[in-house]
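Q: Shown below is the structure under consideration.
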Amino acid sequence: MKGNLCHEFETGLPAADVWEIYGGLRIGQLAPELLPDMLKKVELVDGDGGVGTVLHLTYSPGIPGFEYQKEKFIKIDNENYVKEALVVEGGVLDHGFQKCLVRYEIIGQTDETSTIRSTIEYEIDDDKTDNASFVSTSGVAHIAEAITKYIKAQKKR
């Protein structure tokens, strides 16, 4: 079975400002700091933040069924502000999923505001379709909100 979920968050910030965080490794550095109840730590396994980079995400205790996952950046488009990360180990792959890809698109609405569109595409074994509920946009929604608040706070300094 294949499926996808999408979440959009209006930032009130220029797309370039949001992409500075989302486009490289900074999001992985900030997420555990801003959302410690969700992510315990994010470690760089391989790469420099470009295509091919692999991150090891350790989830905080209390995230049921998930201890960690490894993600590999498979697309980074600095012109159109699009980043794709594929889960390559752990996470939903431990629950019958064959594929899970997260796409972040920072869409400029005007010079002063943008939308973070987070899309999760997945494939799950036909005999494990009950586990499709493991895929949710709540994590990417919390990240979008926290990163937006962080950028706005930094701009006030």
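Q: Give the stretch 78-103 a look and list any residue that's among the acidic types (D, E) and open to solvent by less than 40 Å² (accessible area, probe 1.4 Å), or say none. Give the steps one after another, and end with the answer.
A: Of the stretch 78-103, the ones among the acidic types (D, E) are 79, 84, 89, 94.
If the condition is that a residue be among the acidic types (D, E) and open to solvent by less than 40 Å² (accessible area, probe 1.4 Å), then E84 is the only one that fits.
Q: How many residues does the stretch 33-58 contain that are farther than 26 Å from N131 by Cα and not acidic (D, E)?
A: Kept after step one, since they are farther than 26 Å from N131 by Cα, are these residues of the stretch 33-58: 33-34, 43-53.
Still in the list and also not acidic (D, E): 34, 44-45, 47, 49-53.
Counting residues in the stretch 33-58 that are farther than 26 Å from N131 by Cα and not acidic (D, E) gives 9.
Q: Looking at I116, I151, which one is under 16 Å from the mean Cα position of the chain (by Cα) and modelled with pLDDT of 95 or more? I'd like the intermediate steps shown before the answer.
A: Values: I151 fails: under 16 Å from the mean Cα position of the chain (by Cα).
None of the other options fit; the residue is I116.
Q: Kindly establish whether G50 is open to solvent by less than 70 Å² (accessible area, probe 1.4 Å) and more than 30 Å from T110 (Cα to Cα). Let's see the steps before the verdict.
A: Details: open to solvent by less than 70 Å² (accessible area, probe 1.4 Å): yes; more than 30 Å from T110 (Cα to Cα): no.
Judged against the criteria, G50 is not a match.
Q: Let me ask something else. With respect to Y59, is the statement that it is crowded, with 16+ Cβ neighbours inside 10 Å and more than 27 Å from L13 (Cβ to Cβ) true? So that I can check it myself, show each step before the final result.
A: Numbers: crowded, with 16+ Cβ neighbours inside 10 Å: yes; more than 27 Å from L13 (Cβ to Cβ): yes.
Yes: the conditions hold for Y59.
Q: Right, here's the next one. Just checking, which of G139, G50, G91, G62 is small (G, A, S) and modelled with pLDDT of 95 or more?
A: Matching residue, one of G139, G50, G91, G62: G50.
Q: Determine if the stretch 133-144 includes at least one residue that is touching a Gly at 6+ places or on another chain (Cβ under 7 Å) and open to solvent by 50 Å² or more (accessible area, probe 1.4 Å).
A: Yes.
Q: Filtering the stretch 107-123 down to residues that are in contact with an Asp or Glu (Cβ under 9 Å, 6 or more places away or on another chain) and among the aliphatic types (A, V, I, L, M), which residue is farthest from K70 (Cα to Cα)?
A: By that ranking, first place goes to I107.
Q: Every residue in the stretch 30-42 that is surrounded by 13 or more Cβ atoms within 10 Å (Cβ to Cβ) and free of Cβ contacts under 8 Å to residues at least 60 places away in the same chain, please.
A: Residues satisfying the conditions are P32, L39, K40, K41, V42.
Q: Among the residues of the stretch 1-55, count how many are under 12 Å from the mean Cα position of the chain (by Cα), over 21 Å from Y68 (Cα atoms) and β-branched (V, I, T).
A: Matching residues across the stretch 1-55 total 1.
Q: Counting just the residues of the stretch 62-75 that are in contact (Cβ under 8 Å) with a residue 24 or more places away in the chain and open to solvent by 40 Å² or more (accessible area, probe 1.4 Å), which one comes out farthest from V18 (Cα to Cα)?
A: Restricting attention to the stretch 62-75, the residues satisfying the condition of being in contact (Cβ under 8 Å) with a residue 24 or more places away in the chain are 62-63, 65-66, 69-71, 73-75.
Next cut, open to solvent by 40 Å² or more (accessible area, probe 1.4 Å) only: 62-63, 65, 70, 74-75.
Values: G62: 29, I63: 27, G65: 31, K70: 23, I74: 20, K75: 17 Å.
Restricting to residues being in contact (Cβ under 8 Å) with a residue 24 or more places away in the chain and open to solvent by 40 Å² or more (accessible area, probe 1.4 Å), the top hit is G65.
The values are calculated or read from the model by the stated rules, or taken from the named source; none is laboratory data. Just so it is clear, the structure is predicted and the values come from calculations on it, not from any experiment. We place every Cβ from the backbone using ideal geometry, glycine too, and count neighbours over all the protein chains shown. To get the accessible areas, we keep the full protein, side chains included, count just its heavy atoms, and leave off ligands, DNA and RNA. Shrake-Rupley method; radii C 1.70, N 1.55, O 1.52, S 1.80 Å.
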